[in-house]
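Single-structure report; data block below.
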Amino acid sequence: NAGVMQNPRHLVRRRGQEARLRCSPMKGHSHVYWYRQLPEEGLKFMVYLQKENIIDESGMPKERFSAEFPKEGPSILRIQQVVRGDSAAYFCASSPASGGSAGELFFGEGSRLTVL
Amino acid sequence: GNSVTQMEGPVTLSEEAFLTINCTYTATGYPSLFWYVQYPGEGLQLLLKATKADDKGSNKGFEATYRKETTSFHLEKGSVQVSDSAVYFCALSEGNTPLVFGKGTRLSVIA
């Protein structure tokens, strides 16, 4: 009974490198959300995707960040040329295509990015 | 836009004490309201929810009532345990918009 799977759980990058975070939603879920949690802060919405479509990216920084959810395979959050301020926990969540409880999301355990 | 404000922590309580974590919201319409819990090193889990005014959500001894007149959704538990130590997030969802979270309240329960 696999839940939302994220990998890697921990990632260390040097400034200027690229970070790729992967998320496999729960079985039967076709909606994926990415949130960022900075130290001692709440979760900030970044992007909402369905298969092959970005639905809402209003929380994504304008530069260096991108996300995709291809027809096959996991969703990817990509951060290019990382800076120290990108250090955070990145959480992926999924929800069913239709039905289910309004607004209820199922979260992965997060990917913790550390930029040296 | 929609927003959630919850009391700042950390909150430290002795075992069996009464817990209240305040949460108020701002929304343009009629949102659904949620409490999520995050245990150390884990992702968020849904604790309880309420989808309309005067609904009471409850789970694991926790309760929260959707109060439209005061735009509040305070979390309560009559007797906390050490295992309740976690960060609690109040959140709202309206229509098709993604969940909006408060900043979280860290609860520490000591034996």
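Of the residues making up region B:95-111, those that are exposed (fewer than 15 other Cβ atoms within 10 Å of the Cβ) and assigned to a loop (DSSP other than H, G, I, E, B) are B:Gly95, B:Asn96, B:Ala111.
Give region A:41-55 a look and list any residue that's out of contact with any Asp or Glu (no Cβ under 6 Å at 6 or more places or on another chain) and within 7 Å of another protein chain (Cβ to nearest Cβ), or say none.
Residues of region A:41-55 that are out of contact with any Asp or Glu (no Cβ under 6 Å at 6 or more places or on another chain), as a first pass: A:41-46, A:49-55.
Answer for region A:41-55, where residues must be out of contact with any Asp or Glu (no Cβ under 6 Å at 6 or more places or on another chain) and within 7 Å of another protein chain (Cβ to nearest Cβ): A:Glu41, A:Gly42, A:Leu43, A:Phe45.
When B:Leu92 is tested against (1) within 14 Å of another protein chain (Cβ to nearest Cβ); (2) in a loop (DSSP other than H, G, I, E, B); (3) of a type outside the set (Phe, Trp, Tyr), exactly one condition is not met: (2).
How about region B:28-46: which of its residues are touching a residue at least 40 places away in the same chain (Cβ under 8 Å) and buried (at least 20 other Cβ atoms within 10 Å of the Cβ)? I'd like the intermediate steps shown before the answer.
At the first step, the residues of region B:28-46 found to be touching a residue at least 40 places away in the same chain (Cβ under 8 Å) are B:28-40, B:44.
Once the filter is applied, which keeps residues that are touching a residue at least 40 places away in the same chain (Cβ under 8 Å) and buried (at least 20 other Cβ atoms within 10 Å of the Cβ), region B:28-46 yields B:Pro31, B:Ser32, B:Leu33, B:Phe34, B:Trp35, B:Tyr36, B:Val37, B:Gln38, B:Leu44.
Only a single item in (1) farther than 24 Å from A:Met46 by Cα; (2) under 10 Å from the mean Cα position of the chain (by Cα) is not met by B:Glu69, and it is number (2).
Residue check: is A:Gln81 without any contact (Cβ under 8 Å) to a residue 60 or more places away in the chain and either closer than 25 Å to B:Phe89 by Cβ or surrounded by fewer than 22 Cβ atoms within 10 Å (Cβ to Cβ) (or both)? So A:Gln81 fails the test.
Taking the numbered list (1) touching a Gly at 6+ places or on another chain (Cβ under 8 Å); (2) in contact (Cβ under 8 Å) with a residue 24 or more places away in the chain in turn, A:Gly42 passes all entries but (2). Give the residue that is farthest from B:Lys52 (Cα to Cα), with candidates limited to residues of region B:24-38 that are within 12 Å of chain A (Cβ to nearest Cβ) and part of a strand (DSSP E or B). If we take residues in region B:24-38 being within 12 Å of chain A (Cβ to nearest Cβ) and part of a strand (DSSP E or B), then B:Gln38 is farthest from B:Lys52 (Cα to Cα).
Residues in region B:8-23 that are in contact with a strand residue (DSSP E or B) (Cβ under 6 Å, 6 or more places away or on another chain) and within 13 Å of another protein chain (Cβ to nearest Cβ) were compared, and the one that is nearest to B:Phe73 (Cα to Cα) is B:Cys23. With respect to the conditions (1) more than 10 Å from every other protein chain (Cβ to nearest Cβ); (2) farther than 16 Å from B:Tyr25 by Cα; (3) part of a loop (DSSP other than H, G, I, E, B), B:Lys52 falls short on a single one, namely (2). Taking the conditions (1) under 11 Å from the mean Cα position of the chain (by Cα); (2) farther than 19 Å from A:Leu43 by Cβ; (3) more than 12 Å from chain A (Cβ to nearest Cβ) in turn, B:Gly57 satisfies each one other than (3). The set of residues in region A:1-25 being more than 14 Å from chain B (Cβ to nearest Cβ), over 14 Å from A:Leu116 (Cβ atoms) and more than 17 Å from the chain's Cα centre (by Cα) consists of A:Asn1 alone. The criterion of at least 3 residues that are at pLDDT 95 or above and over 24 Å from B:Tyr39 (Cα atoms) is met, among strands (runs of 3 or more DSSP E) falling completely within region A:1-107, by A:65-68, A:75-79.
The values are calculated or read from the model by the stated rules, or taken from the named source; none is laboratory data. Bear in mind that the values here come from a model prediction, so they are computed numbers and not experimental data. Neighbour counts run over all protein chains shown; Cβ positions are idealised from the backbone, glycine included.
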